[in-house]
Amino acid sequence: MIREMEKNENTKQLTELLTEYDQTIFNSIDYKETIISLGLFEEEHYLGGILGKLRGNTLHISLLAVRESCRKKGYGKQLVTEIEKIAKQHHCRYLTVNTQDYQGLTFYKQLGFTIFGELEDCPFEGTTKYYLKKSII
């Protein structure tokens, strides 16, 4: 029987299953996933933020956004720089991200990320999804 589940509960259950499996392969490694969540504020006004998932030797940027009125002011770079510092503190080897051709591709390349994969016509025809990494060791 397959049925719909509440997203947070399903995520919790899936994470536990995958962690159990990973530990059978990498039993000496702490394979726990840690969420990094940073917000950028001017006084109490939220300007943007970044979310990352730290697992093993990699910190993956899962979300990054800055208010449109605040773009081109270096705030995105500040957020990426700060999450990179966290990755270094945790002895990560890589910082990774995926983005669309119409989103942050140029931005990430300017910060030293390189493309290691791409999917054309994904998620829409005429667009390309890029997978980028930055070595930080």
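Stick to the Cα atoms of the range 1-73, pair each with every other, and give me the Kirkwood hydrodynamic radius in Å at one decimal. Intermediate values should be presented prior to the final figure.
Working: mean 1/r = 0.0661 Å⁻¹.
It is 15.1 Å.
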Whole-number percent relative contact order across the range 61-137, with pairs defined as alpha carbons under 8 Å at least 6 apart: 32 percent
Quick one: dipole size for the chain, taken about the Cα centre, charges +1 on Lys/Arg Cβ and -1 on Asp/Glu Cβ, in debye to the nearest 20. 600 debye
Pull up the DSSP beta bridges for the range 20-97 and report the antiparallel fraction as a percent, rounded to 5. 80 percent
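Tell me the relative contact order for the chain as a rounded percent, counting alpha carbon contacts under 8 Å between residues six or more apart.
On the way: 198 pairs, mean separation 22.2, N = 137.
RCO, the chain: 16 percent.
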The helix 75-89 Cα axis meets the longest alpha-carbon principal axis of the chain at an angle in degrees, between 0 and 90 and rounded to 10, of 40 degrees
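Pairs to check: Lys32/Lys109; Lys77/Lys134; Lys12/Lys77. Give those whose C-alpha atoms are more than 24 Å from each other in this structure.
Working: Lys32/Lys109 29 Å; Lys77/Lys134 14 Å; Lys12/Lys77 31 Å.
Exceeds cut-off: Lys32/Lys109; Lys12/Lys77.
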Just to confirm the number: angle between the C-alpha axis of helix 7-25 and the first principal axis of the chain, 0 to 90 degrees, nearest 10? 70 degrees
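Based on the mean of other beta carbon atoms within 10 Å per residue, what is the order of 5-11, 56-62, 111-117, most packed first? Please report the intermediate quantities before stating the final value.
On the way: 5-11: 9.6, 56-62: 19.0, 111-117: 14.1.
Highest to lowest by the protection proxy: 56-62, 111-117, 5-11.
Just need the Rg to Rh number for the range 1-135, please, alpha carbons only, Kirkwood Rh. It would help to have the intermediate numbers written out before the result.
Values: Rg = 17.0 Å, Rh = 16.8 Å.
Radius of gyration relative to Kirkwood radius: 1.01.
A short reminder: the numbers here are calculations on the coordinates, not readings from a lab. Just so you know, these numbers come straight off a predicted model, no measurement behind them. Cβ coordinates were reconstructed from backbone atoms using ideal geometry, including for glycine residues, and neighbour counts include every protein chain displayed.
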